[in-house]
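Following: one structure in structure tokens, then a few remarks.
The values are calculated or read from the model by the stated rules, or taken from the named source; none is laboratory data. Treat the numbers as computed from the prediction; the structure is a model and nothing was measured. Here the Cβ positions follow ideal geometry from the backbone for every residue, glycine too, while neighbour counts run over all protein chains shown. The protein model used for the area step is the full one, side chains on, heavy atoms only, and it has no ligands, DNA or RNA in it. Shrake-Rupley method; radii C 1.70, N 1.55, O 1.52, S 1.80 Å.
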Amino acid sequence: MSQTGNDIDVYEPPNPAIALGIFVLGVLLLVVLVAALVANWQTFVTTSNLLIHILVLLAVIAIPGLLIAVGLYKGYLAWMRIRYAREDLLARQDERRRANEEHETRLHLLRTRLPADERGNRSFVYDERSRHVIEVHSGNYIANVPHTYAPRFDSRDSSTRAREEQQQLLPAAGQLHIPTFAELLASGEVGPGQRDMLFCFEIVQDEITGQVTISPIRGAINEQHTQLIVAGSQSGKTTYMANNIAQATVLDTLFYIIDPHRNHPEKSISVKIAALKDWFILPPAMTHQEIMRVLSHATRLRDARIGGKPTPYDGYHIMFVVDEVPALMALQKASDKSIRKLSLDLALFMQSLGIQTAKFGLTGLFASQFATKEALGEIDFRDACMSQLIMRLHPTQAQAMRILGADAVREIPRFPKGHGFLLLSDSTEVRRVAASNVTAADLAYLARLLPPSPLVRGVKADRLHPENRSIIPMRDHTETPGFDAESGSNVDGKQVRNQIDPALQARLDELGMSEDALKRKVDQVIPLLGQNKADIMRAVWGVSPGKGKAYEQAEEEYALAMEVIRQNQMELRYGGRNASRQPGEEAH
């Protein structure tokens, strides 16, 4: 509206009722025009030319559309007006509250503080509680508080950096005896009957005596959340991971393993924990195809748990273990588009584990020798890992984690094997810790103490805890479709079917295709299940739908591969126990 003098024009946003009216008018006009046009379509077509047809149709659409757009726009402006008005009201209320508090403070000072003397000392203070005037000696100031109030102020720097710098002064940390996994197992601290995780031991120093001791750090398995371990070579990283995995196995955890160094006899995490292979949902993945298979299976499991759908693994914690993360993230620079996509999908999945899946019983355990963003690819999942462990490492990499002070960064390259700094998800402090040593023989002994894995064919999941578990059997007929086709269910981790059905073999002979070739096709098709047939044909056989001979041949091979997958599923659902029975074994 326009005003005179020094007033300015003030913009008034439209009323919501007017915006709604314009929108409704536009919709009604559109309905009326379309109805009239449909009712008189024959007359309209025969009595006018093409140009008139186009103009009328544009008018029928444009005029109501303009009204609808205007209504929406004015409605948006009205909504913004209401929002801004509410924010302005809250700001005014806050300002009024602060003004009232300031006014009350000034009144209190006026009532209780008498004028100061020529030196600036307040000679008298009026105590409102006792209603007495207190004389204040020159140079002193008596606060208006009860005479019994005598606070003690202790100043102590409890910041993370101060704590780290104090821990650098532990002179005997390297000489401390850290209990081994075998000792903990013998004492009952870990193993069957264990109720929580013993993550590692904190190294602490008494402030008065200076004595250095260790204190176990324990907690529920879900308190660890997703953990990123950053450690150099020969720092104890693999041993720490094996310790975690072993204890998690006792606490009803199943695993996915991605291990690019699977074939290394000493540095492979999958070799280290081979005694626990019965608790692996799928065999450890090393090749691109195997990683794709594990990632596809784990993604479906994650989505099912988030969506509240039943899976064969309900009632079990799931841990997704990835070793040598930089080697996998470096694939984002590969020339092959599919490999780049695989690496990006893996990074996004790892990030999602830290952000949203801990509450659904799905966490990650990642190990890396580097911590810089350049080494970990385009997807920065470091902050998504709520727990972080930094072991012996180059200072540049340790500093990239952004949780250590300068002194700690300089000191960490001299740490003994198995020592590091730990930040758990439920803590705000970085702790100086040491991990227990564990050997493959220790894990083999632990495996013999545990009940059979629920993933072993013929063993129902509720055998583990029949008194307090009610879950879906892992390899029984209630298994959820979509998981059974990929999960290895034999103890040795091989595929379920090792023999091709005679009818399928005859069809293979007709096509001139070997059994191994068919199995390779099946392995390629499994990760792509859920996509349409044409996409699978392009990805596996490299052909597009058509009438060519190559497509017909590929289509027949596709049908054979799907038949093998269906037979695998049928065997897992209905023939698992019979198929796994050894000669001479009685049926139950």
Any chance residue 239 is β-branched (Val, Ile, Thr), free of Cβ contacts under 8 Å to residues at least 12 places away in the same chain and open to solvent by 10 Å² or more (accessible area, probe 1.4 Å): no
Among the residues of the range 284-291, are any under 19 Å from residue 351 (Cα atoms), part of a loop (DSSP other than H, G, I, E, B) and either open to solvent by 40 Å² or more (accessible area, probe 1.4 Å) or not acidic (Asp, Glu) (or both)? no
Of (1) at pLDDT 95 or above; (2) surrounded by fewer than 18 Cβ atoms within 10 Å (Cβ to Cβ), residue 256 fails just (2)
Kindly provide the set of residues from the range 413-431 that are open to solvent by 30 Å² or more (accessible area, probe 1.4 Å) and either on the phi > 0 side of the Ramachandran plot or among the β-branched types (Val, Ile, Thr) (or both), ordered by number. 428
Exclusive hit being under 23 Å from residue 291 (Cβ atoms) and either touching a residue at least 12 places away in the same chain (Cβ under 8 Å) or part of a helix (DSSP H, G or I) (or both), set 347, 408: 347
Among the numbered criteria (1) touching an Asp or Glu at 6+ places or on another chain (Cβ under 8 Å); (2) within 27 Å of residue 306 (Cα to Cα); (3) open to solvent by 10 Å² or more (accessible area, probe 1.4 Å), which one does residue 347 miss? (3)
Regarding the range 197-217, can at least one residue be identified that is hydroxyl-bearing (Ser, Thr, Tyr), at pLDDT 90 or above, within 21 Å of residue 238 (Cβ to Cβ) and over 26 Å from the mean Cα position of the chain (by Cα)? no
Suppose we filter the range 244-267 for residues that are touching a residue at least 60 places away in the same chain (Cβ under 8 Å) and assigned to a loop (DSSP other than H, G, I, E, B); how many remain? 5
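Residues checked against (1) over 24 Å from residue 243 (Cα atoms); (2) at pLDDT 85 or above; (3) hydroxyl-bearing (Ser, Thr, Tyr):
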site	(1), (2), (3)
345	yes, yes, no
365	no, yes, no
368	no, yes, yes
375	yes, no, no
380	yes, no, no
401	no, no, no
Which of the residues belonging to the range 173-182 are farther than 20 Å from residue 421 by Cβ and free of Cβ contacts under 8 Å to residues at least 12 places away in the same chain? 177
Of the residues in the range 199-212, those that are surrounded by fewer than 20 Cβ atoms within 10 Å (Cβ to Cβ) and in contact with a helix residue (DSSP H, G or I) (Cβ under 8 Å, 6 or more places away or on another chain) number 2
Would you check if there is a residue in the range 413-432 being of a type outside the set (Asp, Glu), modelled with pLDDT of 80 or more, within 30 Å of residue 389 (Cα to Cα) and in a helix (DSSP H, G or I)? yes
Yes/no for residue 47 being among the hydroxyl-bearing types (Ser, Thr, Tyr) and open to solvent by less than 90 Å² (accessible area, probe 1.4 Å): no
Give me a count of the residues in the range 299-310 that are in contact (Cβ under 8 Å) with a residue 60 or more places away in the chain and buried (at least 19 other Cβ atoms within 10 Å of the Cβ). 3
Qualifying residue in the range 432-449 (condition: on the phi < 0 side of the Ramachandran plot, touching a helix residue (DSSP H, G or I) at 6+ places or on another chain (Cβ under 6 Å) and without any contact (Cβ under 8 Å) to a residue 24 or more places away in the chain): no
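Residue by residue, here is whether (1) in contact with an Asp or Glu (Cβ under 6 Å, 6 or more places away or on another chain); (2) open to solvent by less than 50 Å² (accessible area, probe 1.4 Å) holds:
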{"position": "337", "(1), (2)": "no, no"}
{"position": "359", "(1), (2)": "no, no"}
{"position": "367", "(1), (2)": "yes, yes"}
{"position": "391", "(1), (2)": "no, yes"}
Are there any pairs, at least 6 apart or on different chains, whose C-beta atoms fall under 9 Å, with the first in the range 65-77 and without any contact (Cβ under 8 Å) to a residue 40 or more places away in the chain and the second of a type in the set (A, V, I, L, M) and open to solvent by 30 Å² or more (accessible area, probe 1.4 Å), and if so, which? 65/30
Matching residues in the range 393-412 - criterion: being small (Gly, Ala, Ser) and open to solvent by less than 10 Å² (accessible area, probe 1.4 Å): 398, 405, 408
Is it the case that the range 456-478 has a residue that's at pLDDT 75 or above, surrounded by fewer than 18 Cβ atoms within 10 Å (Cβ to Cβ) and in a helix (DSSP H, G or I)? no
Taking only pairs six or more apart or across chains, which ones have beta-carbon atoms under 8 Å, a first residue in the range 514-541 that is at positive phi, and a second residue that is of a type in the set (A, V, I, L, M, F, W, C) and part of a helix (DSSP H, G or I)? none
Would you check if there is a residue in the range 175-192 being touching a strand residue (DSSP E or B) at 6+ places or on another chain (Cβ under 8 Å) and at pLDDT below 90? yes
Could you grab me the full set of residues in the range 280-295 that are more than 21 Å from the chain's Cα centre (by Cα) and aliphatic (A, V, I, L, M)? 286
Total residues in the range 213-235, condition surrounded by fewer than 23 Cβ atoms within 10 Å (Cβ to Cβ), touching a residue at least 24 places away in the same chain (Cβ under 8 Å) and not polar (S, T, N, Q): 9
